[in-house]
Amino acid sequence: MTAIPPNPISVVIVDDSEMVRAGLTALLGSSDRINLLGEGKDVASGIAAVAEHRPDVVLLDIRLPDGTGFDACREICKSHSTTRVLILTSVEDEEMVDNAIRAGAHGYLLKEVNGAALIQAIADVNDGKSILDPVITARVLALVRSNVPSTRSLIDSLSRQEGRILALIAEGKTNKEVAHEMGLAEKTVKNYLGTVFEKLHVTRRTQAAALYAKTQTRSK
């Protein structure tokens, strides 16, 4: 048996399709970057699996027999703040993406993503980055354009330093990467982000990045 390398990314799969779970198990099991801990087939078993294994990342479908992936996402984010949630679904709908972000998801990918890209997305999400499938990015931005004026005023309320940090976060950079680029301590960046979140009325970096993206798209 191949030895698991130090610090692999621990993952739990939650999907109602046995075929999908089997396929993901085979894919992730073949990667030495991933340590697959368990799986769930619905909201209840998914939440239970996360509580039992406390993974780094959860791959979560939206459509589940006893609820939605959003229900599971909210509970997971509330009870296990260090676990990252990556939505993996066949639902190509901008409103679903918005719902996922509001539920606290750290990324949203469509199931047609190739294996290598999925494993990299898991690694990126685990590193603190936000992932959004490029196929639906334009649709998400279009959905929220009607809110741009109020969003613009929120962005304008940020100081110059806060605005720079937000722009880097929107590029998918981690706090450590932002700190290095701006010559700040990582703790200082974290404190700035707390202020940014408060001013933008959000609780997660994915939400802040989405607000920033709205204003940038409209201004072009």
Pick from segment 180-200 the residues that are within 20 Å of the chain's Cα centre (by Cα) and free of Cβ contacts under 8 Å to residues at least 12 places away in the same chain: which of them is surrounded by the most Cβ atoms within 10 Å (Cβ to Cβ)? PHE197
Kindly evaluate ASN175 against the criterion of being out of contact with any helix residue (DSSP H, G or I) (no Cβ under 9 Å at 6 or more places or on another chain) and outside the structural domain of ARG84 (by TED's automatic domain parsing). no
Reported set for segment 45-77 where residues are surrounded by fewer than 16 Cβ atoms within 10 Å (Cβ to Cβ) and under 26 Å from ASN7 (Cα atoms) is ALA48, ALA51, GLU52, ARG54
Candidate set from segment 77-108 (those that are touching a Leu at 6+ places or on another chain (Cβ under 8 Å) and at pLDDT 95 or above); member that is nearest to ILE131 (Cα to Cα): LEU86
Select from segment 78-112 the residues that are closer than 18 Å to SER17 by Cα and among the acidic types (Asp, Glu) and write down the one among them that is surrounded by the fewest Cβ atoms within 10 Å (Cβ to Cβ). GLU112
Determine which member of the set ASP71, ASP61, ASP56 is within 18 Å of ARG102 (Cα to Cα), of a type in the set (Asp, Glu), at pLDDT 95 or above and within 19 Å of the chain's Cα centre (by Cα). ASP61
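The values are calculated or read from the model by the stated rules, or taken from the named source; none is laboratory data. Given the structure is predicted, the values throughout are model-derived calculations rather than measurements. Reconstructed Cβ throughout: ideal geometry from the backbone, glycine too, with neighbour counts over all protein chains shown.
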